[in-house]
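To start, the structure itself, in structure tokens.
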Amino acid sequence: MPLHTTIHLHNVPAGRETEYAVWFDGKHRTSLASLRGFKAAERYEVTPQQIMADIPQAWRFMSVYDLDLPDPAIDVPALGPWVAEARDSGLIAKDDTERLYIYRLYSDWKGSPNWQKSEAFSGVSIILANYVAGRFAEYMQWYDEVHSVEVTHVPGHVAMKRGELSPFQIEPRRYCPGDQLVMCAQQTDDLGFTVKDFSARAQGKSPSGIAYAGDLSVYPGRDRVAS
């Protein structure tokens, strides 16, 4: 069955963060268990450490839903009412920043020897990316054969999965800045070091002496990163 990941980028009204957490980890998780194809749901908070620190983050929180859907046309919309419950209860800030994007995955997590599968991820980073027109095959090959290996071997980075924007979306349907999803998982107790060395390798300045082989310049600055 096709794997899908839904990312919900949002803010919570000030003072209601605990209420939202109780709802998500209680009633919401119970409701999600009834969805056909539901695998997992996790929630995250944006950290001060960012790979692209000069890009402002409009959201403080992100929820991620993993689904293995028998029929996306039928099953994707079924998630909508359960997410809408938080909105209807006033647990999602009415600041027009809320975004909900559904991606069809190319594969599940692709890990490196860094990955301790018995341990939970400490966090994730996401990129909503766009490839240069006419270079999709090159983009895919670079990620599959080069960049996924480079990234998951950075200390603290352990796995990557990617996908493309699904034709099936749910409300609120707002402009998506990237039709390609790149999600990197971390297992680290020093995120600052992990982010710093990731950036240093991309610039060929890592103290490890390791530099990325890929030409990042062909991917224009239309990507947004949250971790």
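What follows draws every value from the coordinates through simple rules; no lab data is involved. Please read these numbers as outputs of a predicted model, since none were measured by experiment. Because the Cβ atoms are built from the backbone with ideal geometry, glycine has one as well, and the counts that use them run over all protein chains shown.
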Check your understanding: What is the distance, in nm, between label points placed 7 Å from the Cα along the Cα-to-Cβ direction at Val132 and at Asp190?
Key -> 3.6 nm
Revision key, fill the gap. FRET efficiency for Glu171 and Glu119 from the Cβ-Cβ distance with R0 = 25 Å, rounded to 0.05, comes out at 0.10
Exercise for review: Go through the stretch 35-96 and name the trypsin sites (Lys or Arg not before Pro) that are in a DSSP coil and have 11 or fewer other Cβ atoms within 10 Å of their Cβ.
Suggested key: Lys94
Review point. Around Ser166, which amide H atoms from residues at least 5 apart in sequence, or from another chain, sit under 5 Å from its own amide H, with H modelled in the peptide plane?
Key: Ile102, Tyr103, Arg104
Review point. Quick one: putting +1 on the C-beta of Lys and Arg, -1 on the C-beta of Asp and Glu, what dipole do you get for the chain around its Cα centre, in Debye to the nearest 20?
Key: 140 debye
**Study point:** Mean separation of Cα contacts under 8 Å, 6 or more apart, over the residue count of the chain: relative contact order %
**Key:** 26 percent
**Study point:** Charge dipole of the chain about the Cα centre (unit charges at C-beta), most positive-ward option of Trp142, Leu165, Gly123
**Key:** Leu165
Review point. Taking Lys94 as the anchor, which lysines have their alpha carbon closer than 26 Å to its alpha carbon, excluding any fewer than eight residues away along the same chain?
Key: Lys27
Check your understanding: Which of the chymotrypsin sites (Phe, Trp or Tyr not before Pro) across the stretch 102-198 are loop residues per DSSP, with 11 or fewer other Cβ within 10 Å?
Key -> Tyr175
Study note, to complete from the structure: Here, GluC sites (Glu not before Pro) of the stretch 54-120 satisfying both criteria (DSSP loop; at most 12 other Cβ within 10 Å) are Glu119
Revision key, fill the gap. Long-range amide H partners of Phe38, meaning residues 5 or more apart or on another chain whose placed amide H is closer than 5 Å, are Asp68
Exercise for review: Return the aspartates and glutamates within reach of Lys161: Cα separation strictly under 17 angstrom, same-chain partners fewer than 8 residues apart disregarded; answer none if there are no such residues.
Suggested key: Glu42, Asp66, Asp68, Asp108, Asp144, Glu145, Glu150, Asp179, Asp223
Review point. Farthest toward the dipole's positive end in the stretch 26-161, which of Thr152, Pro77, Trp59, given Cβ charges of +1 (Lys, Arg) and -1 (Asp, Glu) about the Cα centre?
Key: Pro77
